[in-house]
Amino acid sequence: MSTEVLHVLDRGAQSDELSRAGAILRGGGLVAFPTETVYGIAVSAEHPESIERLYEIKGRARTKPMTMMVADSGPVLRHCPDMPPKARTLMKRFWPGPLTLVVPNAEGRMTGFRLPSHPLARGLVREAGVPLYVPSANRSGKPPATTAEEVLRQFPNELDLVIDGGPVDGGVASTVVQIVGDELTVLREGAIPEERLLDSERVTILFVCRGNTDRSPLAAAILRRRLANHLGLAEADLEKAGYQVLSAGTEAREGKSVSLNVRRIARAWPGAPLDIDGHRATKLTTSLLESATRIFCMERDQREQILAFFPHRDREVLLVDPEGADLEDPHGRSLEDYQRLARRLDAAATLIVFGIIRARS
């Protein structure tokens with residue numbers, strides 16, 4: 001048969017653009033489409049013969065179950081009424097995103113679920129209106145496809161529809177985690193590192209600027225003060241309570257101390273001086289980015305640099321300024337410029353604290 005190709009380059013495509021794909025899925029057809037990691041192939045869970053057809057064209061072992069893709073957590077909780085608390089924590093922290101959760105369903109059978117962050121993928125799930133099984137778009141043993149062209153090379157005639165949403169950002173499959181009771185097992189490490197999953201209760205905030213001697217260390221010190229005051233803790237006790245606030249610079253010269261004006265701001269801080277004299281500049285690294293729960297950048301360019309390597313973390317890499325404006329580097333400017341920066345950082349810290357507490361509650 002000839003495979004139909006639908007070009008939908010708008011990541012936020014609405015249902016009217018996906019209605020054709022939804023109708024094909026409800027009728028038992030196979031549809032390939034992009035997610036935030038790789039391309040997948042969807043099939044209705046209500047068509048056993050179509051599921052068998054998908055197993056056959058992929059060359060996938062029948063003993064290897066397929067993941068159910070959802071547009072929100074409702075179907076997961078209905079299928080798995082006794083959801084383990086640890087699974088609920090991971091859902092709250094990493095969904096929507098590149099995490100596949102394998103948990104016992106109501107009958108005790110292990111079932112995998114995935115809630116993608118790609119708006120086109122979620123739109124397709126909603127438009128289909130039926131449960132969808134979605135394995136990656138590749139023949140067994142071959143690399144997952146990251147473009148519609150790669151899908152068609154592997155499946156030139158076997159699919160009913162390929163949605164061409166352009167190249168996917170990730171290229172790394174979702175991380176697959178199985179949870180039974182309190183036991184967490186990483187079945188496949190993918191876009192989310194195992195370290196972040198195993199330490200999912202810890203909140204690590206990372207501030208990023210260029211040199212890590214002015215903006216980001218000052219922001220980190222202010223947030224520590226605001227967070228400790230909100231929680232009624234000493235700043236030294238934040239880590240014991242599961243909170244860590246770090247800073248780094250994209251072009252930092254390791255070991256440099258903060259600037260004189262930052263020290264002046266810190267020493268004159270209302271209530272008590274901010275703890276900043278011991279700070280030494282740290283270069284931004286992959287391990288720092290992977291360990292962070294939320295990453296706050298001073299400038300849009302820094303956010304774009306990070307997302308070029310971690311595109312699936314779009315919701316977690318943010319700008320410090322809530323209005324989306326750059327907080328320019330004050331290096332070499334007057335103390336008044338630093339004071340204005342400190343006021344903006346303090347206002348942002350208040351909002352960040354509120355977001356941290358709400359996300360953890």
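For region 318-356, give me each residue that is outside any loop (DSSP other than H, G, I, E, B) and at pLDDT below 95.
Across region 318-356, the qualifying residues are F354, G355, I356.
Scanning region 153-175 for residues being surrounded by fewer than 19 Cβ atoms within 10 Å (Cβ to Cβ), of a type outside the set (K, R) and over 22 Å from P119 (Cβ atoms) gives a total of 3. Among the residues of region 89-105, the ones that are modelled with pLDDT of 90 or more and either more than 27 Å from T146 (Cα to Cα) or β-branched (V, I, T) (or both) come to 5 in all. Just one of the listed residues (T100, T111) is hydroxyl-bearing (S, T, Y), touching a residue at least 60 places away in the same chain (Cβ under 8 Å) and not in a loop (DSSP other than H, G, I, E, B), and it is T100.
Test of understanding: among H47, H79, which residue is over 22 Å from the mean Cα position of the chain (by Cα) and over 29 Å from Q154 (Cβ atoms)?
H79
Taking the listed residues E239, E195, E201, the one that is at pLDDT below 95, surrounded by fewer than 19 Cβ atoms within 10 Å (Cβ to Cβ), part of a helix (DSSP H, G or I) and of a type outside the set (A, V, I, L, M) is E195, with no other qualifying. None of R20, R53 is surrounded by fewer than 21 Cβ atoms within 10 Å (Cβ to Cβ), at pLDDT below 95 and not assigned by TED's automatic domain parsing to the domain that holds R313 except R20. Filtering region 100-133 to residues that are in contact with a Lys or Arg (Cβ under 7 Å, 6 or more places away or on another chain) and among the aliphatic types (A, V, I, L, M) leaves L120, A128, V130. For region 129-144, the condition holds for at least one residue, the condition being that it is free of Cβ contacts under 8 Å to residues at least 24 places away in the same chain and out of contact with any Leu (no Cβ under 8 Å at 6 or more places or on another chain).
The values are calculated or read from the model by the stated rules, or taken from the named source; none is laboratory data. Keep in mind the model is a prediction, meaning the values are calculated, not measured. With ideal geometry, Cβ positions are generated from the backbone for all residues, glycine too; neighbour counts draw on all protein chains shown.
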